[in-house]
Amino acid sequence: MSQRPLSLNSRLLLASLVLLPLFLGLTGLVLDRAFEQSLTTALRQRLQSQVYLLFSVAELEGTGESAELTLPPALLEPEFERLNSGLYGYLMTAAGDIIWRSNSAQLHPSPPPTDAPFPSPGELLLDTVSLNEEPFWRGRYAVIWEDELGGEHRYQLMLLRDKAPYRAELASYRRQLWRWLGAAALVLVLAQTLILRWGLRPLGRLARALQAMREHSTPRLEGHYPQELQPVVDNLNRVLERETGLRQRYRDSLSNLAHSLKTPLSVLRSLVEREKPAKGEKQASPEAETDRLLAEQVERMDQVVNYQLRRAVSEQQQGLGRQCFIRPAAERLCRTLEKVYRDRPPRFHLQVPEQARFPGDEQDLLELLGNLLDNACKYGNGEVALTAEQTPTALRLSVEDNGSGIPAEERTQVLQRGRRLDTLKPGQGIGLSVAVDIATSYGGQLTLDQTLSGGLAVRLTFPI
């Protein structure tokens, strides 16, 4: 069983639900990366300014190998003076020996040795190290200091900044970011749902207009639609007008043809009636058989013509909400068939509720049941059952006989016009095809099945 395709509203909403998280997620990642880089840049600039502050108060005392760079015991930067402030400064020689540390680092262990190369003078290198199992930013800045004799002395200033404030600020930003992005996603989904309903509303109006047309309450699609749908509506109206014209010409031609044939048929019938022998007279066997066959075929042609005349009228009346009770029509047909098959009268079993109704014209019901009941009498063994079951959404009819039935592989071909399996019985092979045509015109379905006794069961289903 094929799965029902998703509606346009569901497809667009599903696409939004898939793309929206991807878009907002990518946006969140970009904003998060940008904020993290801005924090790192701000930290670098702050460390750079603190490096400049320390070197601005540094002095080189002595010359030659006895020269030593010194810093004042107290600094103006409060973080360098307060113990365990989270900012620690170290001045080292090119060999890595610490010759000065800030007052904030007096109780703090020395930084671990590093294998990193000596920084280029004037360049601040920023990385991350672990000290007492706590992460720290590490900034290293190298400088070449000349004494009075022109000798060069290399020094490295190392600043350690606790990473906890940085991580706390980044975590707070991320919480706020994803919270607002989640709220934005929810608002956008709700807005998208409302937009889709509003945007697809003309399609619903078009569907209702088509349903009204299907019920023949309006001959064409009325109203104004958006410019994307209006050409479709206009073209559909033109197609419907052309189709209505073709169907009307077809019905008119069929009605004219059937009406034109009634006069020749009446002449043939009168000739057959006139040539019949009077009561008590005998007629030669070949002529009697010819007259009987001629009368039978004329009667059949007259029935077909009358049906097509009624059909041309009832086609114009389908869908106008007409209904008829099934049981009276079925009883009338049974009484007629009992007279037709009086030599071998069938037994009819009607299981038709009094309130069961056929959703269409009574002439179509008579033609439909007449063909099916006639076949059941003709090919059955005297037992014919007609069952009707009506629900709020469907009408189910079943005509069963106790004959030999039809093999499963041959059931499809007997529904085709003119195909007959039993050529010994009289008939034209159009009864079942006419029944299929009538059922299809009302949106119904006809299927062939087998009864428990092996006979044929013709089942019809009509939507209500």
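A short reminder: the numbers here are calculations on the coordinates, not readings from a lab. The shown structure was predicted, so the numbers you read here are calculated from the model rather than taken from an experiment. When we count neighbours, we look across all protein chains shown, and the Cβ atoms used for this are built from the backbone with ideal geometry, even at glycine.
For the reader, a short list of remarks on this structure follows.
- Potential lengthening of the chain between LYS339 and GLU169 amounts to 51.1 nm, from the contour at 0.36 nm per residue minus the alpha-carbon distance.
- Residue ranges 447-453, 357-363 sort as 357-363, 447-453 when ordered by packing (mean number of other C-beta atoms within 10 Å per residue, highest first).
- Of the trypsin sites (Lys or Arg not before Pro) found in the range 43-136, the ones in coil according to DSSP and having at most 14 other Cβ atoms within 10 Å of their Cβ are ARG82.
- Full extension of the segment from PHE35 to SER270, taken as 0.36 nm per residue of separation minus the current Cα-Cα distance, would add 74.1 nm.
- Stretching ASP97 away from ASP449 to a fully extended chain increases their span by 116.4 nm, per 0.36 nm per residue minus the current alpha-carbon distance.
- Computed E for VAL189/THR114 - FRET, C-beta separation, R0 45 angstrom, nearest 0.05: 0.30
- Annotation for the range 86-117 versus the range 348-376: alpha-carbon center distance of 106 Å.
- Summarised in one figure, the compactness ratio Rg/Rh of the range 350-394, Cα atoms and Kirkwood Rh, is 1.01.
- Long-range Cα-Cα pairs in the range 319-464 (distance over 24 Å), rounded percent: 26
- Shown is the FRET efficiency for THR128 and SER10, computed with R0 = 41 Å from the Cβ-Cβ distance and rounded to the nearest 0.05: 0.25.
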